[in-house]
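Taking it in order: structure first as structure tokens, then the write-up.
The values are calculated or read from the model by the stated rules, or taken from the named source; none is laboratory data. All values derive from a computational prediction rather than experimental measurement. Positions of Cβ are backbone-derived with ideal geometry, glycine not excepted, and every protein chain shown enters the neighbour counts. All accessible areas refer to the heavy atoms of the entire protein, side chains included, with ligands and DNA or RNA removed. Shrake-Rupley method; radii C 1.70, N 1.55, O 1.52, S 1.80 Å.
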Amino acid sequence: MPKQRVTTQDIAQRAGVSKATVSYALNGTGSVSPAVAAKIIALAKEMGYQENRLAKATRTGKTDTLGLVLPDLCNPFFPKMAQAVVQAASERGYSVFLVDCRNSLDEEQQGIERLAQYAIEGIIWCPIDDEKSIARNTLTCPVVMTDRPIDGYDCVYADSASGGALQAQMLSQKGHKKIGLISGPVRSRGAQIRRQGFVQALPQDVSIVWEYSLEYNMTIPAEVQTHILAGEVSCIVAANDTQAIGILRVLHAARKAVPDEVSLIGFDAIEWSDLVSPPLSTIALPIQQIGTESVHLLLERIDNPDKTVRQIALDVQSLDRESLKQL
């Protein structure tokens, strides 16, 4: 038989106090002596008491739940960030509902609508499309955006412009003059910021021979593969590590040696970047810090709805590994 749920009334009977006293002790409210409160809390733990969050939400109007909306959990960047969000939220007594949009605007909208039905107190959101996603936003709860700055919203993001500039600096210092560029999706402002930072930092004697805009995954279209294998460039720069790993697979399949025949630079420093052969030169983003700071900023907004909008840009750093050759 299933075990019967322990109630505050059960605890009150065992402790010889009123139900209200138990409630005060467990919630840290009211006038209960420290000794009595400690006794009640210990007894609740011994009896296996579990708080009824639905009842608490009805009573206080607080659900102690947050939403996390991410574009695609197949990108290793996002599970790592999600783990940091869950940990930071848990430390503050909050639970997290996760929505994996699978790169679908419709699923993104449906997921956000479901979160609103659960009366979550705030959302951490990395939009799929800066314009279309935001245009569909009907949320009334506080929102913190991640990955890139978005006007009018609290944001926590890595300094992608500096990251792009570091990519340009890395290849320039190694003597590369002819570059192939795989940029991120055009719909993403974050991808455009990375590209702009890279292009603006390129020395005048370095040229981009070819460029393609691709999604943040390992799928490399046949037309792009042709250029990758043509030997027109000495270094290929990718907008993120999953793209770079997809490029690496194409080169390995064609028995093209990296970095002896062509060098490769990624972006993000996901764990896979250090496991492939050769390990990827890349740009390290503070993924866990993004998740943690996003939670802190969201809880600040929940507590102070009228505070000034904050946008927090976190530092990045370059990782010079074996995929980038000195010419």
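Any chance the stretch 255-268 includes a residue that's open to solvent by less than 60 Å² (accessible area, probe 1.4 Å), in contact with a helix residue (DSSP H, G or I) (Cβ under 9 Å, 6 or more places away or on another chain), acidic (Asp, Glu) and under 30 Å from residue 142 (Cβ atoms)? Yes, that holds for at least one residue. Taking (1) in a helix (DSSP H, G or I); (2) of a type in the set (A, V, I, L, M, F, W, C); (3) open to solvent by 10 Å² or more (accessible area, probe 1.4 Å) in turn, residue 247 satisfies each apart from (3). For the stretch 270-291, a residue qualifies if it is outside any helix (DSSP H, G or I) and surrounded by fewer than 24 Cβ atoms within 10 Å (Cβ to Cβ), and the qualifying residues are 275, 276, 277, 278, 279, 284, 286. Apart from one condition, residue 237 fits all of (1) part of a helix (DSSP H, G or I); (2) closer than 23 Å to residue 160 by Cα; the exception is (1).
Listed by position, the helices (runs of 4 or more DSSP H) inside the stretch 1-52 whose residues that are under 39 Å from the mean Cα position of the chain (by Cα) and either among the polar types (S, T, N, Q) or at positive phi (or both) number at least 2 are 19-27. Within the stretch 169-207, the set of residues being among the aliphatic types (A, V, I, L, M) and over 26 Å from the mean Cα position of the chain (by Cα) comprises 171, 179, 201, 202, 206. Restricting attention to the stretch 92-116, the residues that are in a loop (DSSP other than H, G, I, E, B) and either at pLDDT 90 or above or over 18 Å from residue 294 (Cα atoms) (or both) total 6. For residues in the stretch 81-128 being acidic (Asp, Glu) and surrounded by fewer than 23 Cβ atoms within 10 Å (Cβ to Cβ), which is nearest to the chain's Cα centre (by Cα)? Top of the filtered list is 100.
The single residue among 89, 165 that is in a helix (DSSP H, G or I) and in contact (Cβ under 8 Å) with a residue 40 or more places away in the chain turns out to be 89.
Could you grab me the full set of residues in the stretch 135-149 that are surrounded by fewer than 21 Cβ atoms within 10 Å (Cβ to Cβ) and hydrophobic (A, V, I, L, M, F, W, C)? Give the steps one after another, and end with the answer.
Of all residues in the stretch 135-149, those surrounded by fewer than 21 Cβ atoms within 10 Å (Cβ to Cβ) come to 135-141, 149.
Matches in the stretch 135-149: 135, 139, 141.
Note on the stretch 298-327: among residues that are of a type in the set (A, V, I, L, M, F, W, C) and assigned to a loop (DSSP other than H, G, I, E, B), the one that is least open to solvent (accessible area, probe 1.4 Å) is 324.
Of the residues that make up the stretch 183-195, is at least one of a type outside the set (S, T, N, Q), without any contact (Cβ under 8 Å) to a residue 40 or more places away in the chain, farther than 19 Å from residue 320 by Cβ and open to solvent by less than 30 Å² (accessible area, probe 1.4 Å)?
yes
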